[in-house]
Amino acid sequence: MNTVQAPIPDTTPLTGINADEALWYKDAVIYQVNVKSFLDSNDDGIGDFKGLTLKLEYIRDLGVNTIWLMPFYPSPLKDDGYDIADYQNVHPQFGTLDDFRTMLREAHRLGLKVVTELIINHTSDQHPWFQAARNAPAGSPQRDFYVWSDTDQKYLDTRIIFTDTETSNWTWDPVAKAYYWHRFFSHQPDLNFDNPQVIKAVLKIMNFWLDMGVDGFRLDAIPYLVEREGTNNENLRETHAVIKKLRAAIDASYKNRFLLAEANQWPEDVREYFGDGDECNMAYHFPLMPRIYMAIAQEDRYPIIEIIQQTPDIPESCQWAIFLRNHDELTLEMVTSKERDYMYTTYASDLQARINLGIRRRLAPLMENNLDRIKLMNSLLLSMPGSPILYYGDEIGMGDNFFIGDRNGVRTPMQWSPDRNAGFSRADPQRLYLPPIMDAVYGYLSTNVEAQSRDPSSLLSWTKRLLAVRKTTQAFGRGTRRFLRPGNRKILAYLREFGEDTILCVANLSRSAQPVELNLAAYKGRVPVEMLGRTAFPPIGELPYLLTISAYGFYWFRLATDAAIPSWHEQIVSVDERPVLVLFDGWMSLFRERVVPWRIGIAEKTRAQFETDTLPRH
Ligand code: GLC
Ligand code: CA
């Protein structure tokens, strides 16, 4: 299908990177945005595409190169748009299809790629397909768009995902007089991927957005497409077969697009979503995320090393997507129950902060607003293997409000300025889709883009700097990864290597200063250059390389073959410790006996200084 299509849109090369275009997602740094939360252009209290378009330069200037947009399609919005009622349109609250096109064109002009959501596991129960299905005769192709049963006792080995709201994956429909299957909310019936008509409809939706120029899709809730009795209905072979079809259709007609799998599964199961390089180009590393939090809470690198070691290799063309926070709860599905208890007591002692199997908080509050910890977390996010995803607002350390229900507490308006409604909207405050954060620590009066843009030491300025540094090498996105094993387990150290570049990352996971001795014998003679300050450190020698790192500190070093050894390194006594002559009678003293060594190094001084500095005799 799709032999006739719009010309492949001009996708501007990524800024600052010599991207091999087909693999551009390996160099991607993704910024996750909710259109409704970013900027309200027409003062109705809801963010929209015109508003987002106005803020694209902000996103570009941050130093990311890709935007992931949460759902913006017509929807009853009972699951924030993950309940779609029309796949090929824009919810009027957010604007029109033309507004979307303008935003996309502008993003591409600025060198930003745009990734959208392809939510195909389920629709809203308001989707015309579901309305037709429930009214169509049992067994008809229309009815078969969804998964029906006469009993709710089928597929009993399937877990419930939204444990706080749902008690069954089946809901009775009085119109169809049958139960329908849903892995999420009961208003989100699952599509039936055993029906070829469903696959055809999905391909049509994909082509619609790809023709418009969208650069990739996040495949929402992808492990659950197909059901089979006697299984847990996750990651089935039949589901993978569907994904292979979607991928083949993209490859047949489009260039430089990608599929990102949202598969909240163990590493060996997620691995399958890459196939032989013929399924998804990218997949989230769900198990790594909570373990970064575990490691920093326990002051021990073990959780991170262990999970990375359990992670199988992936095909050459594939890439992990890594993240610290997103619009959902910090999911604890991929940890053991002991680890979950630990995470809950450490990070969600307030029971209100917990939802389903996770924690509904943002990064800054999880780090108790400790700037060093926030920076350390970001340094890990930006240096571990994969393409990092930043959640909007986390770059300024926005807070959350878990009293406003579901996961809305982490979806509040972006805080642009200390003006009314955080500069997000000029609507009456009570009209806003959600109240902005207003407390004294994280509220928009103290935490906002305007203030942080003016402050060179703000989190925002620092984040920009770190992103700019990350861009100077492709080793972070594409390089190999090797852990070092220094005796001090509070230190996480790893090497990222790509082509000529060798980057050494060293992170202190603990709340106190730590020493570490690193075995870098293989790099003897190289000069570690700290990448943020471009400071050369003493060259690597025979002995273990000794570093001291402040509490929650981290270093990224380029192990340079071409950098000069710091000039002070070989000097036994530094310049300001050399003996100095004090000449009591000016120059004449040189011809007398009373010449006394003193503190300041005259060797370095010009004649003029020498004369001024010389103490006259009284
Ligand atoms: C994904 C989304 C989540 C949504 C769910 C159901 O997990 O991230 O927000 O509720 O799918 O569509
Ligand atoms: Ca609006």
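Throughout, read-outs are computed from the coordinates displayed, never taken from laboratory work. The structure displayed is predicted, hence computed values, not measured ones. Here the Cβ is made from the backbone with ideal geometry for all residues, glycine too, and neighbour counts use every protein chain on show.
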Exposure proxy order (Cβ contacts within 10 Å, fewest to most) of 432, 210, 225: 432, 210, 225
Alpha carbon centroid spacing (whole Å) that separates the stretch 128-164 from the stretch 80-120: 29 Å
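For the ranges 370-378, 28-36, what's the packing order if you count other beta-carbon atoms within 10 Å of each residue, average per peptide, and put the highest first?
28-36, 370-378
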Loop-located GluC sites (Glu not before Pro) in the stretch 542-591, at most 10 other Cβ atoms within 10 Å (DSSP): 542, 570
Under the Karplus curve 6.51 cos²θ - 1.76 cosθ + 1.60, θ = phi - 60°, whole-Hz ³J(HN,Hα) for the stretch 259-274, x wherever Gly or Pro sits: 10, 10, 7, 8, 10, 7, 9, 5, x, 5, 7, 5, 3, 5, 6, 8
Distance between the stretch 225-239 and the stretch 185-220 - C-alpha centres, whole angstrom: 18 Å
Percentage relative contact order, the stretch 59-208, counting C-alpha pairs under 8 Å, at least six apart: 21 percent
For the chain, calculated [θ]222 nm from helices alone, where every DSSP H run of n ≥ 4 adds -39500 (n - 2.57): -7000 deg cm²/dmol
Qualifying GluC sites (Glu not before Pro) in the stretch 482-533, DSSP loop, other Cβ atoms within 10 Å at most 11: 500
Dimensionless Rg over Rh [the stretch 485-541; C-alpha; Kirkwood]: 0.96
Relative contact order of the stretch 273-391, pairs being alpha-carbon contacts under 8 Å that are 6 or more residues apart, as %: 29 percent
Residue-wise HN-Hα coupling along the stretch 27-41, computed from phi with Karplus coefficients 6.51, -1.76, 1.60 (Hz; x: Gly, Pro): 9, 6, 10, 9, 10, 8, 10, 9, 4, 5, 9, 8, 7, 9, 8
Cross-link reach list, lysines versus residue 375, counting only Cα pairs under 18 Å and skipping chain neighbours closer than eight places: 464, 471, 490
Cut-off under 5 Å, modelled amide H: who pairs with residue 286 long-range: 265
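Report the trypsin sites (Lys or Arg not before Pro) located in the stretch 461-532 that are in a DSSP loop and have at most 12 other Cβ atoms inside 10 Å of their Cβ, or state none.
Working: sites: 464, 465, 470, 471, 478, 481, 482, 489, 490, 496, 511, 524, 526; in loops: 471, 489, 490, 511, 524, 526.
Those that pass, being in a loop and sparsely packed, are 524.
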Mean separation of Cα contacts under 8 Å, 6 or more apart, over the residue count of the chain: relative contact order %: 11 percent
The chain: antiparallel DSSP beta bridges as a percent of all, rounded to 5: 65 percent
Centroid-to-centroid separation of the stretch 504-571 and the stretch 407-463 [C-alpha atoms, Å]: 38 Å
Mean projection area, nm², convex hull over Cα of the chain: 34.6 nm²
Principal-axis tilt of helix 459-470 within the chain, Cα atoms, nearest 10 degrees: 90 degrees
Packing-based ranking, highest mean first, of 310-319, 327-336, 355-364, 88-97 given that Cβ atoms within 10 Å are counted: 355-364, 327-336, 88-97, 310-319
Furthest towards positive pole of dipole, 518, 130, 197, structure part the chain, Cβ charges: 518
